[in-house]
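Below is one structure, written out as structure tokens; comments come after it.
Bear in mind that the values in this text are calculations on the coordinates, not laboratory data. This structure is a prediction, so every number in the text was calculated from the model and none was measured. A quick note on method: Cβ atoms are made from the backbone with ideal geometry, for glycine too, and the neighbour counts reach across all protein chains shown.
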Amino acid sequence: MSSRWRLFRNESRSVSTAEGLALDDTLPQSVALHGSPPVLHLYTFIPSVIVGKYQDIEAALRLDRCRDRGIEYNRRSTGGGTVIMGPEVVALGLGINVDCPGLKSGSVGGVFESVGEVLIRALEQLGISADFRPKNDLEVAGKKIAGLSAASETGKSLLFHTSFLVDFDVELMTDIMSTPLLKLSDKGYNCFSQRMTTVRQELGEDVPVPVVMDSIQESFESLFGIHFAADEPDPWEKQTTERFIRERYTSRDWIFSHKHPRSRMGVGRVKTRGGLLEIYLSLSGGSIENVVITGDFFSTSEDISRIENALKWTSAREESVVGHLSEIWHDDMIYGLDVSTLAKAILVAKENQVRL
């Protein structure tokens, strides 16, 4: 007998960033604290742009153009980069325990691989052949068709996010985003249109969004051997969602958190297997006075804070940086990174700070 998972599916209307993101944040809370089985949330946003948890929204976006075009902007609780959302992009939120049967391993990497396989199967059902490109993209002949992100904040429960491109406005993306050339040049592309594709573009037909949602839902059931029961948030989940709307997604402090320091800071920017890593560092003599870690990587707030605190008021010499990082490091502390790569970015920031 198959297990029963819950399904929150909204195809009747597109939702605001606050409403959609707050409900997604409730999913792992419900699994961890409320006794819920895994919950899949399929929906679409109003025209909007959403940055990753550790990005500087003012550096990532041209906010004046967002306002002029009526594009809503916000910050999600999961890592990764900037995504453009709208009625033709399927948004997927999944609340699940990392040790749930069917997942490849009890880690963020295992969840990426497992859900990536689900989405590959969904595309195959639609007639599209795709591959998973670590760390977090699904690609069709080298072009991105879905971006994956995740965060683990509540014990073993994890929130997994996907933006699944049924259709896409490349002109809008290039107008409102401030994308570092470093992220583009490493991929060998010279414009967004050469590095992204959509379901409709690949199939050459106007595939309805609900058909794509059907394919995703069926692929989950097939791969995990489960059955979805259509459901809606209960009173506890509605109350939790309202709290996230109030405390996060309508709060300026949340939306504009993770600002890059503007003065007296050296910058170390390194493209890594785990994402674009940006280190902002200031020195007092030969010691690290302050360090801020940002970028489009995947980690938890607790681990990032632990790294930053471990480096404060320590020597900025390479052996000291590596030693202090090694003392606290654990596997996937920042998904896809190791101590030497993080230390490299910190030392680049140190050299840049010296030249300021």
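If you rank V118, V207 by fewest surrounding Cβ atoms within 10 Å, what's the result?
V207, V118
How would you classify the chain from its alpha-carbon gyration tensor, with a ≥ b ≥ c the square roots of the eigenvalues: rounded for a/c under 1.5, else prolate if a/b is greater than b/c, otherwise oblate?
Prolate, since a/c reaches 1.5 and a/b exceeds b/c.
Out of I84, A151, L281, whose Cα points farthest toward the positive end of the dipole of the chain (charges: +1 Lys, Arg; -1 Asp, Glu; placed on Cβ)?
L281
Assuming R0 = 56 Å, can you tell me the calculated FRET efficiency for the pair L63 and S3, based on Cβ-Cβ distance, to the nearest 0.05?
It comes to 0.80.
Using a Gaussian network model of the chain whose springs link C-alpha atoms within less than 10 Å, name the residue from I84, I304, I328 with the highest mean-square fluctuation.
With Cα springs under 10 Å in the chain, the top fluctuation among I84, I304, I328 is at I328.
Springs between alpha-carbon pairs under 10 angstrom, Gaussian network model over the chain: which of N136, N309, N74 fluctuates most?
With Cα springs under 10 Å in the chain, the top fluctuation among N136, N309, N74 is at N309.
Roughly how tilted is helix 108-126, in degrees to the nearest 10 and between 0 and 90, from the longest Cα axis of the chain?
So the helix axis and the longest Cα principal axis differ by about 40 degrees.
Expected output is a single nm value to one decimal: the length gained when fully extending between K238 and V211, i.e. 0.36 nm times separation in residues minus the C-alpha distance. What is it?
Gain on stretching K238 to V211: 7.0 nm.
Using modelled backbone amide H atoms (1.01 Å from N, in-plane), which distant-in-sequence or interchain residues come within less than 5 Å of M85's amide H?
Residues meeting the amide H criterion: S48, V49, I50.
Calculate the length of the line joining the C-alpha centroid of the stretch 235-261 to that of the stretch 73-151, in whole Å.
Between the Cα centres of the stretch 235-261 and the stretch 73-151 lies a distance of 23 Å.
Once you charge only the Cβ atoms, +1 for Lys and Arg and -1 for Asp and Glu, what is the size of the charge dipole of the stretch 266-354 about its Cα centre, to the nearest 20 debye?
Charge dipole of the stretch 266-354: 280 debye, to the nearest 20.
Could you give the dipole magnitude of the chain about its Cα centre, charging the beta-carbon of Lys and Arg +1 and that of Asp and Glu -1, in debye to the nearest 20?
1080
Using a Förster distance of 41 angstrom, determine the FRET efficiency expected from the C-beta separation of S315 and K271, and round it to 0.05.
Taking R0 as 41 Å, the efficiency between S315 and K271 is 0.95.
If packing is taken as the average number of other Cβ atoms within 10 Å across a peptide's residues, how do 39-47, 251-259 rank, most packed first?
Ranking the peptides 39-47, 251-259 by packing returns 39-47, 251-259.
Which net charge results for the neighbourhood of K104, defined as the other residues with beta-carbon distances under 10 angstrom from its beta-carbon, given Lys and Arg at +1 and Asp and Glu at -1?
-2
Which one, I120, Q217, T294, is farthest towards the positive end of the dipole of the chain when Lys and Arg carry +1 and Asp and Glu -1 on their Cβ?
T294
Once phi is turned into θ = phi - 60°, what whole-Hz ³J(HN,Hα) does the Karplus curve with 6.51, -1.76 and 1.60 give for every residue of the stretch 232-246, x standing for Gly and Pro?
9, x, 7, x, 4, 5, 5, 5, 5, 4, 4, 5, 5, 4, 5
Can you find, among G336, V270, P208, the residue sitting farthest towards the positive end of the charge dipole of the chain, where Lys and Arg contribute +1 and Asp and Glu -1 at Cβ?
Going by the Cα projections, it comes out as V270.
Working from Cα positions, state the angle (0 to 90°, nearest 10) between the long axis of helix 339-354 and the longest principal axis of the chain.
50
To test your reading of the geometry: what angle, between 0 and 90 degrees and rounded to tens, separates the Cα axis of helix 17-33 from the longest principal axis of the chain?
The angle comes out at about 90 degrees.
Beyond 30 Å between alpha-carbons counts as too far, so tell me which of K53/K238; K144/K238; K143/K350; K104/K271; K143/K238 fall in that bin.
Listed pairs above 30 Å: K144/K238; K143/K350; K143/K238.
Kindly write out, for the stretch 208-213 in residue order, the coupling ³J(HN,Hα) from the Karplus curve 6.51 cos²θ - 1.76 cosθ + 1.60 (θ = phi - 60°), rounded to whole Hz, with x marking Gly and Pro.
For the stretch 208-213, the Karplus curve yields x, 4, x, 5, 5, 4 Hz.
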